[in-house]
1. Would you confirm whether any residue within the range 125-135 is more than 19 Å from Ala93 (Cβ to Cβ), under 19 Å from the mean Cα position of the chain (by Cα) and not aliphatic (A, V, I, L, M)?
2. Regarding the range 31-43, can at least one residue be identified that is on the phi > 0 side of the Ramachandran plot and among the polar types (S, T, N, Q)?
3. Would you please list the contacts, defined by Cβ atoms under 8 Å and residues six or more apart or on different chains, that run from a residue in the range 278-297 that is outside the structural domain of Arg183 (by TED's automatic domain parsing) and modelled with pLDDT under 95 to a residue that is surrounded by fewer than 17 Cβ atoms within 10 Å (Cβ to Cβ) and not in a helix (DSSP H, G or I)?
4. Any idea which residue in the range 186-200 is surrounded by the most Cβ atoms within 10 Å (Cβ to Cβ), counting only those that are touching a Gly at 6+ places or on another chain (Cβ under 8 Å) and outside any strand (DSSP E or B)?
5. Select from the range 264-308 the residues that are within 17 Å of Gln83 (Cα to Cα), crowded, with 20+ Cβ neighbours inside 10 Å and touching a helix residue (DSSP H, G or I) at 6+ places or on another chain (Cβ under 8 Å) and list them in ascending order.
6. Based on what the data block shows, is Leu138 within 16 Å of the chain's Cα centre (by Cα) and in a strand (DSSP E or B)?
7. Does His210 satisfy the criteria of being crowded, with 21+ Cβ neighbours inside 10 Å and within 24 Å of Pro167 (Cα to Cα)?
8. Does the range 155-195 hold any residues that are of a type in the set (Val, Ile, Thr) and out of contact with any His (no Cβ under 8 Å at 6 or more places or on another chain), and which are they?
Amino acid sequence: MVTRHHLKAWSRLPEVEVVAIYNRNLEKALDRAKEFTIPKAYSNLEEMFEKEKPDALDIAVATEAHREFARMAAEHAVAILCQKPMAPTLKEAEEMVAEIGEKVRFMVHENWRFRPQYRQAAKWTAEGKIGLIREFRLSTRSSGLVTKTEKGLPFALERQPFFAHMPRFIILELLIHHLDTSRFLAGEMDVISTQTLHLSPYVIGEDVAHIVLNAKNGAIGIVSGNLSAAGFPPLPQDRLELIGERSSILFDGDTLSLIGEKSESIHFNFEEAYQNSYNNAIAHFVEALRSGQPFETDRLDNLRTLRLVDEAYRLAEMKG
């Protein structure tokens, strides 16, 4: 599902050419190649590296394969853009980062913080419009596991079937984005406590989670999610509150608002903002490769997000 959004983003960069696409199922690779006018399709990654000699590899395969694909890219001196999560566990991610070291440039495709509404919230904060952040809340709700499609499947599982088999689910798959975005907006933080629920019979992992956080600057916050929220849209919808010492920022529905000393509102189209998160992340990757500037979500930065994920599960399991 996600590769279409990646390829749309790549197609909007005129200075970049997608020279080949890989899938272990060659027919699927050929279908995507035809859809996006990609000249070559492969079912053997080593062969692709040898024949195409690319500058970069965008890894958007199953999480379990990320480490092997990244290792192969590093061996061929190919820069890496790797979908989140970097690896299934923090330990594996740390080992992956250590193995690759400084061999090649390595960015994690953590696109949520590149959503235009969150870039604007960060801009307002950097401009001092709300003052010091005192409290933050970033939540997401979806009926994706209770809304059925015409095939009788939950919407979320028809869209992304692998959800059903993830023993660690909503935090690792979805709230990892919200933890990273909270770090982006409020600074580094620690997990204080976690509570999870398993409601849906269609998944084996937790589908509800509340994570309490303490930012290094003294702000307190909550990241929460529910994929079995009856009455909500099937696609996850976010709500952000940044409570500052002078003003606050609220994102609700399709509107980002600055409220307090001065008021200002900006409306966003959900579908456009969703695609723009991919466009912006991939454009940043390309520009950083060209200029040599650091990646905003490089491998070391992303390890800090994965440590929050790991600690959230550790605290949840202590309660369970």
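The values are calculated or read from the model by the stated rules, or taken from the named source; none is laboratory data. Just so it is clear, the model here is predicted, and its values are computed rather than measured. Reconstructed Cβ throughout: ideal geometry from the backbone, glycine too, with neighbour counts over all protein chains shown.
1. Taking every residue of the range 125-135 in turn, none turns out to be more than 19 Å from Ala93 (Cβ to Cβ), under 19 Å from the mean Cα position of the chain (by Cα) and not aliphatic (A, V, I, L, M).
2. There is at least one residue in the range 31-43 that is on the phi > 0 side of the Ramachandran plot and among the polar types (S, T, N, Q).
3. Final answer for the pair search is none.
4. If we take residues in the range 186-200 being touching a Gly at 6+ places or on another chain (Cβ under 8 Å) and outside any strand (DSSP E or B), then Ala186 is surrounded by the most Cβ atoms within 10 Å (Cβ to Cβ).
5. Asn276, Ser277, Tyr278, Asn279, Ala281, Ile282, Phe295, Thr297, Arg299, Asn302, Thr305, Leu306, listed by residue number.
6. So Leu138 passes the test.
7. So His210 fails the test.
8. Once the filter is applied, which keeps residues that are of a type in the set (Val, Ile, Thr) and out of contact with any His (no Cβ under 8 Å at 6 or more places or on another chain), the range 155-195 yields Ile170, Ile171, Ile176, Thr181, Val191, Ile192.
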